[in-house]
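Scroll down for the structure; my scribbles are underneath it.
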Amino acid sequence: MGNYYQKELECASRETIVAIQNEKLVKTVKKVYENVEYYRNKMDAVGVKPEDIKSIDDLHKLPFITKDDLRDAYPYGLMAEPLENCVRIQSTSGTTGRRVVAFYTQNDIDMWEECCARAIMATGGTKKDVVQVCYGYGLFTGGPGLNGGSHKVGCLTLPMSSGNTDRQIQFMVDLEATILCCTPSYAAYLAESIEERGVRDQIKLKAGIFGAEAWTEEMRQDIEKRLGIKAYDIYGLTEISGPGVSFECEEQAGMHINEDHFIAEIIDPKTGEVLPDGEVGELVFTSIDKEAFPLLRYRTKDICVLSRKPCSCGRTHVRMSKPMGRSDDMLIVKGVNVFPSQIEQVLLQQGLTSNYQIIVDREKYSDTIEVLVEMTPELFSDSVTDLSAKEKEVVAGLKSMLGIYAKVRIVEPKSIVRSEGKAVRVIDRRNLYKKA
């Protein structure tokens, strides 16, 4: 059944997958220990030597790597290859202004693009398809990943990037795009725009690959109905390579993790203990094929479940559920990572108080973010015009820090409700995560 990009790997027996993982893990651990001082120090601190890691059964002995480690080691501290062997970086925003930068050799890029090619073919894609990529290009991994995957399959690729909806729809109609790659909220916006322009009958789309933000089953069904497509989920993170770490097949029941490249574990976020399949916990990845930037036991902070139930598509790789939430305070708004600490930093730099509240909502499938901040005594006597000017300053500061527009409202002192003396920092009204 179905299309495969690398059938012998995607449908390999469990024994074969475990053998591949064992061999690659042992090699990767030895490489990072010998080449990356940061890793060597972390392993020495817990008394683990490369020879202690003989198979994936020993994975739990290795220390975790977190966003904090990436920040401490920025920019070059976790590189496992000399700079002259690296050909690209991709990047995502970090918690406190320091960005996460991931490095790639040409082999790393090929591997990542192959993962995205698997995702495209899992939707039924072939080289006869026209793939319209409306994820952002540049430092963001969405555009480059699916673009490369589309090339590997041999599809005609439309490297549209995000925005400019008129042009998106013109190319979609004129070039008869069949597979759409973008965030789910942009897909919903495109569906609405297509209806408004009355060109629905000229659209040839059959599938969509949507990721980079959380979305509900209801939203999937709505997009499918309005665009006349099947909508597939894709998951990834810059630290591990980008989109294509896992992807949905025609069953649309969880995303197959590319286990020949990435080992997945579920841990208890509080204790760090590895949990059995089927338990809800935090997803941890070990990249066993990356040359430039291999991460061992990277804590994603995404809460989900793994399932090894056989899949009718024939793929044997473990499936992960949609993330059900986060074990940290990160929000994903319009596909962008937003930490309350980043917002707080901007407010304090602008001379405002740290009594603030972030309200995230979704209107017509598009995320909105509003920041309420209590005024300081100095602002209390200011005119409405002065307050409005101050709000605009904060909007500009947040746009520069986050890269997205956030509405800002300066409110009266003590008007933000405190529970147990602490303000409720984030109100997320999107109802995206279904509890397991």
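The values are calculated or read from the model by the stated rules, or taken from the named source; none is laboratory data. All figures in this text were calculated on a predicted structure; none of them were measured in a lab. Glycine gets a Cβ as well: all are built from the backbone with ideal geometry, and neighbour counts include every protein chain shown. Side chains are part of the model used for accessible areas, which takes the heavy atoms of the whole protein and leaves out ligands, DNA and RNA. Shrake-Rupley method; radii C 1.70, N 1.55, O 1.52, S 1.80 Å.
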Self-check item: Accessible area, probe 1.4 Å, largest first, for residues Arg299, Arg98, Arg40
Solution: Arg98, Arg40, Arg299
Quiz item: In the chain, which cysteines lack any other cysteine Cβ under 4.7 Å from their own?
Solution: Cys11, Cys86, Cys115, Cys116, Cys155, Cys181, Cys304, Cys311
Quiz item: Going toward the positive end of the dipole of the range 200-265, with +1 on Lys and Arg Cβ and -1 on Asp and Glu Cβ, which of Met255, Val245, Trp215 do you reach last?
Solution: Trp215
Practice problem: Report the charge-dipole magnitude of the range 171-290 in Debye, nearest 20, computed about the Cα centre from +1 at each Lys and Arg Cβ and -1 at each Asp and Glu Cβ. | Solution: 580
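Just check the range 91-196 against the gyration tensor rule for me: Cα atoms, a ≥ b ≥ c as the square roots of the eigenvalues, rounded for a/c under 1.5, and otherwise prolate or oblate depending on whether a/b exceeds b/c.
Oblate is the answer for the range 91-196, as a/c is 1.5 or above yet b/c matches or exceeds a/b.
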Quiz prompt | Pairwise FRET efficiency - Leu348 versus Asp268, Cβ, R0 = 45 Å, nearest 0.05 | solution = 0.85
Self-check item: Amide H within-cut-off set for Cys11, under 5 Å, with H built and near neighbours excluded
Solution: Thr316
Quiz item: Could you give the length gained on full extension between Leu139 and Thr126, defined as 0.36 nm per residue of separation minus the Cα-Cα distance, in nm?
Solution: 1.9 nm
Exercise. Assign one of three labels to the range 11-153, namely rounded, prolate or oblate, based on the Cα gyration tensor with a ≥ b ≥ c the square roots of its eigenvalues; rounded applies when a/c is under 1.5, prolate when it is not and a/b is larger than b/c, and oblate otherwise.
Key: oblate
Quiz item: How many nm separate the modelled label positions at Asn107 and Cys11, each set 7 Å beyond the Cα in the direction of the Cβ?
Solution: 2.8
Exercise. Quickly work out the Lys225-to-Arg88 label distance, labels modelled 7 Å from Cα along the C-beta direction, and quote it in nm with one decimal.
Key: 3.8
Self-check item: Extension gain (nm, one decimal) between Arg197 and Lys399, 0.36 nm per residue minus Cα-Cα
Solution: 69.7 nm
Quiz prompt | Local electrostatic count, Met172, Cβ distance below 12 Å [Lys/Arg +1, Asp/Glu -1] | solution = +1
Quiz item: In nm, what is the difference between 0.36 nm times the number of residues separating Asn35 and Asp68 and their Cα-Cα distance?
Solution: 9.8 nm
Exercise. For the range 232-359, just say rounded, prolate or oblate: build the C-alpha gyration tensor, square-root its eigenvalues into a ≥ b ≥ c, call rounded for a/c under 1.5, and beyond that prolate if a/b exceeds b/c, oblate if not.
Key: prolate
Exercise. Of the listed pairs Lys7/Lys54; Lys31/Lys270; Lys67/Lys225; Lys61/Lys127; Lys309/Lys364; Lys67/Lys414, which have alpha-carbon separations greater than 32 Å here?
Key: Lys67/Lys225; Lys61/Lys127; Lys309/Lys364; Lys67/Lys414
Practice problem: Could you work out how far the C-alpha centroid of the range 375-409 sits from that of the range 300-352, in angstrom? | Solution: 28
Quiz prompt | Between the range 87-159 and the range 198-233, the Cα center-to-center distance that results, in Å | solution = 20
